[in-house]
Amino acid sequence: MSNEIMSEIKRDHIMNLLADGKRQDGRGITDVREIKVETNCIESADGSARVKLGKTEVIAGVKIIPGTPFGDTPNIGVLTTGAELIPMAHPTFESGPPGEDAIELARVVDRGIRESGMVDVEKLCIVPGEEVWMCFVDIYALDYDGNLFDAANLAAVCALKSAIIPAEQYGKGENTPLPVTCTPISVTEVKVGNTLIVDPDYDEEQISSARPTVTTDDVGNFRAMQKGGRGSITLDELSLCLDRAVEIGAESRKIIG
Amino acid sequence: MSGHTDMVLVDENGMRIDGRTEEQHRPIKIEAGVLSNADGSAYVEIGKNKVLAAVYGPRECHPRHLQNPTKAIVQCKYNMQAFSVSDRKRPGPDRRSIEISKIISEALERVVLTELYPRASIDVYIEILQANAGTRCAGLTAASVALADAGIPMRDIVPAIAAGKADGHVLLDLNKEEDNYGQADVPIAIMPSTDEIVLLQMDGNMTREEFDHAIELAVNACHEVHDLQVDALKRRYSKPAQEGSE
């Protein structure tokens, strides 16, 4: 994400630990940091979640409003995901419109949610061809210590699961929960040297090359992937990422319920 | 990936609407050195996709704050021209093109010997003249040839192609209908000498078996694309010197 210079001594320390399968904070190579979720923390939103992944913290809010459907999908609701890396979250984040890092983050989270069919957008039709519910998910990084991708995915998914369609507010009948079908979970790893480590912290990200993210659904099928970062991964490493994404995704799904 | 159609995309004989088998890519045409101002350039057609790529650099890096004191950076701009799709595309960068530019830059930075040019920028411009699914792969394929045409030292020439799924069949190189109405799309790019992956995206719904099959198809096809890239460069540089030319 950011581009700060890291001291060689710290880099060597992390590399030496990894050579023994260890990490700075005592985790193993495939351990995910502690996940803490607080849902419905924002009353003005129709759904919200504040997620901590270790020291990384992200908030996601959902707003659902009536709107006009797209011409080619007249009976289908609209789902949009945005993300901002605000200056409060890290000294290297700058204010202003979303940059390429924020756009990539939002689009990878969006793909997982959209392609898994998590939100049943066909049930978001109010008047066919005229009016549908438009569901906006907005994600803000609050505190950045690596792996915003998985933190943002968890926050967006938890916010959507807690969301209520505010029909009464707009005189469109009774409030109902947002129709949700599954729980897409992303698992992001980074390659440091020749080791792939799960849920990287900030320091690990700084010295990493490739950054594969794999999103699975409840039955372990693949729904979205993205290789970020400047490095490459071998076919064997990709295979390892896929195995880990299924396994760790299932664990995380249990944690957020 | 989200649309619905009654159209049969793959018939009972495994034949696709454009007459291809499941494992066939569309016809590919690659030409190197097609522009005069750019330091390197290439033109690529993959089926109905028409793509131009141009390279400027290594040159001074703008904006200055992006300069890296130890190596060059690769800055790619992927742009769809307004008339390249059926509805007019609003000119200028959108979120999709910014993401594609970013992942193509990162893929190319893996192969360019950036450490040879501290503080410099290598600027890659990809223009989509006509789009028919698979433009990011066509763009990256063209960009690698343009980099080689510009004489920039690289570890490898990167080919890219997509595999995917439509009508429940794993297919190589989806066309527009298969992309719109299919169930998955997996664009990938590799370094052919080691088969390492430098670009990978996926959306849709695939089991592990389907995904493994898609990767196998795409990696094999990448090697074919790579042969065509090398061939284009050979054609460009094996021309006999003509009298009076530079």
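The values are calculated or read from the model by the stated rules, or taken from the named source; none is laboratory data. Predicted model only: the values in this text are computed from it and were never measured. Don't worry about glycine lacking a Cβ; one is built from the backbone with ideal geometry, like all the others, and counts go over all protein chains shown. All accessible areas refer to the heavy atoms of the entire protein, side chains included, with ligands and DNA or RNA removed. Shrake-Rupley method; radii C 1.70, N 1.55, O 1.52, S 1.80 Å.
Among (1) open to solvent by 30 Å² or more (accessible area, probe 1.4 Å); (2) over 14 Å from A:ILE139 (Cβ atoms); (3) touching a residue at least 40 places away in the same chain (Cβ under 8 Å); (4) among the acidic types (Asp, Glu), which single condition is A:ASP46 missing?
Of the numbered conditions (1) open to solvent by 30 Å² or more (accessible area, probe 1.4 Å); (2) over 14 Å from A:ILE139 (Cβ atoms); (3) touching a residue at least 40 places away in the same chain (Cβ under 8 Å); (4) among the acidic types (Asp, Glu), the odd one out for A:ASP46 is (1).
Considering only residues of the stretch A:102-131 that are within 14 Å of chain B (Cβ to nearest Cβ) and in contact with a Gly (Cβ under 7 Å, 6 or more places away or on another chain), which is farthest from A:LEU85 (Cα to Cα)?
My answer is A:LEU124.
Which residues, taken from the stretch B:180-216, are part of a helix (DSSP H, G or I) and either among the β-branched types (Val, Ile, Thr) or more than 13 Å from chain A (Cβ to nearest Cβ) (or both)?
Hit for the stretch B:180-216 is B:ILE215, nothing else.
Which of the following residues is touching a helix residue (DSSP H, G or I) at 6+ places or on another chain (Cβ under 7 Å) and either buried (at least 23 other Cβ atoms within 10 Å of the Cβ) or of a type in the set (Asp, Glu) (or both): B:ALA142, B:ALA133?
Matching residue, one of B:ALA142, B:ALA133: B:ALA133.
Could you identify the single residue in B:VAL85, B:VAL34, B:VAL74 that is surrounded by 12 or more Cβ atoms within 10 Å (Cβ to Cβ), assigned to a strand (DSSP E or B) and β-branched (Val, Ile, Thr)?
Only one candidate qualifies: B:VAL74.
Filter the stretch A:62-95 down to the residues that are open to solvent by 30 Å² or more (accessible area, probe 1.4 Å) and of a type in the set (Val, Ile, Thr) and list them by number.
Result: A:ILE65, A:THR68, A:THR73, A:ILE76, A:THR80, A:ILE86, A:THR92.
Anything in the stretch B:88-117 that is surrounded by fewer than 17 Cβ atoms within 10 Å (Cβ to Cβ) and in contact with a strand residue (DSSP E or B) (Cβ under 6 Å, 6 or more places away or on another chain)? List them, or say none.
Listed by number, the list holds a single entry, B:GLU115.
Being closer than 18 Å to B:GLY164 by Cα and open to solvent by 80 Å² or more (accessible area, probe 1.4 Å) is the filter here, so list the residues in the stretch B:18-31 that pass it.
B:GLU23, B:GLN24, B:PRO27
Of the residues that sit in the stretch A:12-43 and are over 28 Å from A:ASN194 (Cα atoms) and assigned to a loop (DSSP other than H, G, I, E, B), which one is most open to solvent (accessible area, probe 1.4 Å)? Show your work before the answer.
Keep residues of the stretch A:12-43 that are over 28 Å from A:ASN194 (Cα atoms), which gives A:36-43.
Now narrow it down to the ones that are assigned to a loop (DSSP other than H, G, I, E, B): A:40-43.
Working: A:ASN40: 95, A:CYS41: 40, A:ILE42: 68, A:GLU43: 180 Å².
Out of the qualifying residues, it is A:GLU43.
Between a first residue in the stretch A:88-114 that is touching a residue at least 60 places away in the same chain (Cβ under 8 Å) and in a loop (DSSP other than H, G, I, E, B) and a second residue that is among the hydrophobic types (A, V, I, L, M, F, W, C) and surrounded by 22 or more Cβ atoms within 10 Å (Cβ to Cβ), which pairs have beta carbons less than 6 Å apart while being 6 or more apart in sequence or on different chains?
Sorted first by the residue in the stretch A:88-114, then by its partner, the pairs are A:PHE93/A:LEU85.
Yes/no per residue for (1) at pLDDT 95 or above; (2) of a type in the set (Lys, Arg); (3) surrounded by fewer than 23 Cβ atoms within 10 Å (Cβ to Cβ); (4) on the phi > 0 side of the Ramachandran plot:
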| site | (1), (2), (3), (4) |
| --- | --- |
| B:GLU178 | yes, no, no, no |
| B:VAL186 | yes, no, no, no |
| B:SER193 | yes, no, yes, no |
| B:MET202 | yes, no, no, no |
| B:ASN205 | yes, no, yes, no |
| B:ASP227 | yes, no, yes, no |
| B:ASP231 | yes, no, yes, no |
| B:LYS234 | yes, yes, yes, no |
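Please verify whether A:THR215 is within 12 Å of chain B (Cβ to nearest Cβ), in contact (Cβ under 8 Å) with a residue 60 or more places away in the chain and hydroxyl-bearing (Ser, Thr, Tyr), treating the condition exactly as stated.
Yes: the conditions hold for A:THR215.
Cβ-Cβ distance below 9 Å, separation of 6 or more or different chains: which pairs start in the stretch A:124-135 with a residue that is open to solvent by less than 20 Å² (accessible area, probe 1.4 Å) and end on one that is among the polar types (S, T, N, Q)?
That search, which allows pairs on different chains as well, returns A:VAL132/A:THR68; A:VAL132/A:THR73; A:VAL132/A:ASN75; A:CYS135/A:THR80.
Name the pairs: first residue in the stretch B:108-122 and closer than 21 Å to A:LYS227 by Cα, second residue of a type in the set (Ser, Thr, Tyr) and open to solvent by 10 Å² or more (accessible area, probe 1.4 Å), Cβ to Cβ under 9 Å, at least 6 apart or on different chains?
B:ARG110/A:SER209; B:THR114/B:THR70
Please find, within the stretch A:218-245, the residue that is farthest from the other protein chains (Cβ to nearest Cβ) out of those that are open to solvent by 10 Å² or more (accessible area, probe 1.4 Å) and in a loop (DSSP other than H, G, I, E, B).
A:ASP218
Across the stretch A:96-109, which residue is most open to solvent (accessible area, probe 1.4 Å) among those that are in contact with a Lys or Arg (Cβ under 9 Å, 6 or more places away or on another chain) and within 13 Å of A:ASN153 (Cα to Cα)?
Only one residue fits best here, namely A:ARG107.
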